[in-house]
Structure formats: structure tokens, C-alpha cells
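The values are calculated or read from the model by the stated rules, or taken from the named source; none is laboratory data. Quick caveat: nothing in here was measured; it's all calculated off a predicted structure. Using ideal geometry, Cβ is built from the backbone for each residue, glycine included, and neighbour counts are taken over all protein chains shown. For accessibility, only protein heavy atoms count, side chains too; no ligands or nucleic acids. Shrake-Rupley method; radii C 1.70, N 1.55, O 1.52, S 1.80 Å.
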Amino acid sequence: MPDNPTSSGSATPTSPPASGNGPQHRPPLPNQAILDELSKAEKICLKAQKAEYAGPLAAREITAEDMTATLTKIQQARAKAAEATQATSGKRGVTKREQDAKDALMTCIVEIQKAAKQKARKTELSLDDYFVGERIDQNRARLEQLAAQIIAKAAASALPGITPAKITAANDALTGYTKIESDQTGAQGEATGGRTSLKQLVREITNTRIAIQLAADAEWPHANPVNAALRREFQLPPDRALRG
């Protein structure tokens with residue numbers, strides 16, 4: 001099998017481990033291994049287009065059309081790397097909005113629960129209807145369901161300080177929180193889809209790049225010292241055959 005994308009005769013780029021550190025505001029960067037592979041493939045394709053190399057390589061089925069198509073794919077891949085990065089950034093933004101929406105909803109619910117506790121001091125109001133003392137935000141589905149029940153119960157009751165405007169605000173907060181879920185799913189899909197398409201492009205680019213290197217390795221073998229400088233142009237080891 002070929003080496004990693006930063007060594008001669010490499011195959012498929014591998015992702016560097018995420019550090020998990022750094023400022024939270026820093027935008028995500030494209031996968032550096034992918035960027036390195038695109039740069040390497042571009043340099044090798046451009047070398048292969050040079051007149052003194054194009055003829056011998058064409059005899060080994062490395063055509064001008066291959067070079068043109070691959071250079072185009074490299075530009076497409078760079079654009080998709082940027083798109084995937086933006087989609088990932090968007091997903092992180094949705095996650096932050098989800099927490100903000102949850103906090104806003106819980107603020108409304110807690111106020112209703114406090115009003116219910118106050119009223120229960122004077123009447124036989126059941127606090128169970130308002131899930132007082134229970135953790136209602138253990139998961140999204142539970143929060144959405146119980147919040148809707150609490151708001152509906154509050155709307156039908158005369159709780160101290162809970163005006164129609166506050167019921168409306170609570171319903172709006174619930175709607176906002178529910179909507180975030182579909183937004184988050186969409187952002188995740190965009191990020192995943194972008195990366196899948198990018199991965200396929202890079203695979204095709206890498207296959208062509210390795211094919212060029214294999215052809216150059218055969219055309220200008222390492223056994224002839226005269227070829228050392230030329231081999232370096234194709235990022236081949238000057239004193240040994242390409243592994244792959």
C-alpha cells in the first residue's frame with residue numbers, strides 16, 4: 001500500500017487528530033492533510049504537462065486530458081473544502097442557538113412553576129400538573145412534551161403574574177426551541193454531504209496523482225543517477241523505487 005499523503009508515493013489523505021483545544025471563536029479549518037494532498041497533486045500534474053514530460057508520460061497512458069480533468073477537480077475540491085468548513089461552522093452555530101433557545105424556554109417554564117407554587121399556598125392546585133420538582137429537560141423530546149403541557153395548563157389557569165402575554169411568550173419560546181431541531185438536522189446534513197463529496201473528489205485526484213508518479217517512476221528509474229533531479233520534480237525518491 002502507498003504511504004500517507006505527505007510522503008512520496010502516497011495514497012489516501014488521513015485526517016489529523018482533533019486537539020479539542022483553542023479558542024471557541026476560532027473558525028474550523030479545512031483538513032490540512034487534504035489541503036496538502038491537493039497542493040501535491042497540483043504540482044505533479046503541472047509537471048506532467050511540461051512538453052519534455054508529456055510525450056513519455058502519454059506513452060504510458062497519462063494523457064493531457066487526465067491532467068486537465070484533474071486540475072479542474074483540484075479546484076473543485078478546494079471549493080468544497082471551504083463549503084464543508086462553512087457547513088461545520090454553521091452546525092456549531094446551530095448548537096449554540098439550541099442552548100440559547102432551551103434557556104429561554106426554561107426561563108418561561110420556571111416562572112410558570114413558581115407562580116403555580118405560589119397559588120398552591122392558597123388553593124388546592126396540584127403541582128403535579130406543572131411537574132414541579134421534576135427535571136423536565138433530561139432530553140429534547142421530554143422537554144418539548146412537558147413544556148407544552150405546562151404552558152397549556154397555565155393558559156387555562158389564573159396563575160399570579162402569568163399574563164396572556166407571558167403565555168404567548170412561552171409558546172413562542174417553545175416554537176423557537178422546536179424549530180432548532182430541524183435547523184440542526186439540516187446543518188448536520190450539509191456538513192456530512194459536503195465532506196462526502198469532497199472525499200470522493202480527493203480520492204479521484206489522489207488516484208491520478210499516484211498513476212502519474214508510477215508512470216514517471218517507470219519512465220525515469222532510480223537506478224540511473226541521471227534521473228535523480230527529474231524524479232524529485234515528481235516527488236519521487238531519487239534513490240529508490242516508488243512504493244505502491
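Restricting attention to the stretch 204-234, and to residues there that are among the small types (Gly, Ala, Ser) and farther than 20 Å from SER39 by Cβ, which single residue is farthest from the chain's Cα centre (by Cα)?
Filtering the stretch 204-234 for residues that are among the small types (Gly, Ala, Ser) and farther than 20 Å from SER39 by Cβ, the one farthest from the chain's Cα centre (by Cα) comes out as ALA223.
Among (1) at pLDDT 50 or above; (2) in contact with a strand residue (DSSP E or B) (Cβ under 8 Å, 6 or more places away or on another chain), which single condition is PRO2 missing?
Looking at each condition in turn, PRO2 falls short on (1).
Being in a helix (DSSP H, G or I), open to solvent by 50 Å² or more (accessible area, probe 1.4 Å), at pLDDT below 90 and more than 30 Å from GLN200 (Cα to Cα): is that true of ARG92 here?
Judged against the criteria, ARG92 is not a match.
I'd like to verify a number: residues in the stretch 180-203 that are open to solvent by 30 Å² or more (accessible area, probe 1.4 Å) and either over 16 Å from ALA41 (Cβ atoms) or modelled with pLDDT of 95 or more (or both), how many?
Final tally of qualifying residues: 14.
Among residues belonging to the stretch 31-82 that are among the aliphatic types (A, V, I, L, M), part of a helix (DSSP H, G or I) and open to solvent by 40 Å² or more (accessible area, probe 1.4 Å), point out the one that is modelled with the lowest pLDDT.
Taking the candidates together, the pick is ALA82.
State all residues of the stretch 143-164 that are assigned to a helix (DSSP H, G or I), free of Cβ contacts under 8 Å to residues at least 24 places away in the same chain and open to solvent by 70 Å² or more (accessible area, probe 1.4 Å); if no residue qualifies, say none.
Selection gives GLN145, GLN149, PRO164.
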